[in-house]
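Everything below concerns the one structure shown next.
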Amino acid sequence: HVPITAILSSIVVACAILYGFDTIVMANEHSASAPNVKIGKTEINHQYSKSLSFEADFSEYISKYISPNIRYFSLLRPLTEAAIARRFARLEKYHPVFRSCNTAFRQDEVRRGKSWCGDCPKCRFVFLALAPFLDKERLVKIFGKNMLDDKTQEKGFAELCGLEAYKPFECVG
């Protein structure tokens with residue numbers, strides 16, 4: 001996994017210096033600090049560069065080696081995914097255009113997804129997160145199907161809920 005959040009954070013620090021900004025605000029969620037799997041005493045976190053630990057270490061690095069005047073933090077850190085989903089559910093104008101499915105980011109433009117694939121951990125997570133806050137019709141309209149009615153999704157939902165060996169190595173809560 002490419003630590004894209006760390007890379008983007010570094011680029012934003014350079015931008016802050018170039019343009020004279022003193023604050024960098026990220027949108028990293030609460031569960032980004034949760035490990036995907038624990039092996040013995042070692043915790044493995046796919047989302048480390050979005051975690052509170054990274055945020056603290058990166059903030060310290062910025063202050064110590066770049067500038068003590070630049071603040072770096074995540075505005076969403078105190079919120080759970082349920083709280084974020086509840087707020088997002090009310091932003092109806094974004095429902096037709098938002099997407100977190102990894103198929104949207106494929107390098108090969110021909111293979112790049114134009115909508116939710118409906119069969120990956122990220123699609124399952126966002127579907128599940130929004131389900132309590134959107135009526136069924138609206139949720140199905142966003143994803144193109146009711147993923148909870150699809151028996152082939154059971155193992156994937158079990159992984160997200162911690163009922164399998166580990167949480168998927170994806171950016172999911």
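The values are calculated or read from the model by the stated rules, or taken from the named source; none is laboratory data. Bear in mind that the values here come from a model prediction, so they are computed numbers and not experimental data. Reconstructed Cβ throughout: ideal geometry from the backbone, glycine too, with neighbour counts over all protein chains shown. These area figures cover heavy atoms from the full protein model, side chains too; ligands, DNA and RNA do not enter into them. Shrake-Rupley method; radii C 1.70, N 1.55, O 1.52, S 1.80 Å.
Output the residues belonging to segment 136-160 that are hydrophobic (A, V, I, L, M, F, W, C) and open to solvent by less than 80 Å² (accessible area, probe 1.4 Å). Leu139, Val140, Ile142, Phe143, Met147, Phe157, Ala158, Leu160 - these are the residues of segment 136-160 that are hydrophobic (A, V, I, L, M, F, W, C) and open to solvent by less than 80 Å² (accessible area, probe 1.4 Å).
Every residue in segment 24-51 that is in contact (Cβ under 8 Å) with a residue 24 or more places away in the chain, open to solvent by 50 Å² or more (accessible area, probe 1.4 Å) and in contact with a strand residue (DSSP E or B) (Cβ under 7 Å, 6 or more places away or on another chain), please. Of everything in segment 24-51, those that are in contact (Cβ under 8 Å) with a residue 24 or more places away in the chain, open to solvent by 50 Å² or more (accessible area, probe 1.4 Å) and in contact with a strand residue (DSSP E or B) (Cβ under 7 Å, 6 or more places away or on another chain) turn out to be Val25, Ala27. Scanning segment 74-117 for residues that are of a type outside the set (D, E, K, R), surrounded by 15 or more Cβ atoms within 10 Å (Cβ to Cβ) and farther than 23 Å from Val140 by Cα gives Ser74, Leu76, Leu79. Screening Ala14 against (1) surrounded by 15 or more Cβ atoms within 10 Å (Cβ to Cβ); (2) at pLDDT 95 or above; (3) not hydroxyl-bearing (Ser, Thr, Tyr) leaves a single unmet condition, (1). Pairs linking a residue in segment 103-114 that is closer than 20 Å to Glu170 by Cα to a residue that is aromatic (Phe, Trp, Tyr) and open to solvent by 80 Å² or more (accessible area, probe 1.4 Å), with Cβ atoms under 8 Å and 6 or more positions apart or on different chains, are Arg112/Phe105.
Of all the numbered requirements in (1) farther than 22 Å from Glu43 by Cα; (2) touching a Gly at 6+ places or on another chain (Cβ under 9 Å), Thr80 misses one, and that requirement is (1).
Contact map, segment 134-149: first residue within 11 Å of His95 (Cα to Cα), second residue among the basic types (Lys, Arg), Cβ cut-off under 9 Å, separation 6 or more or different chains; the map is empty.
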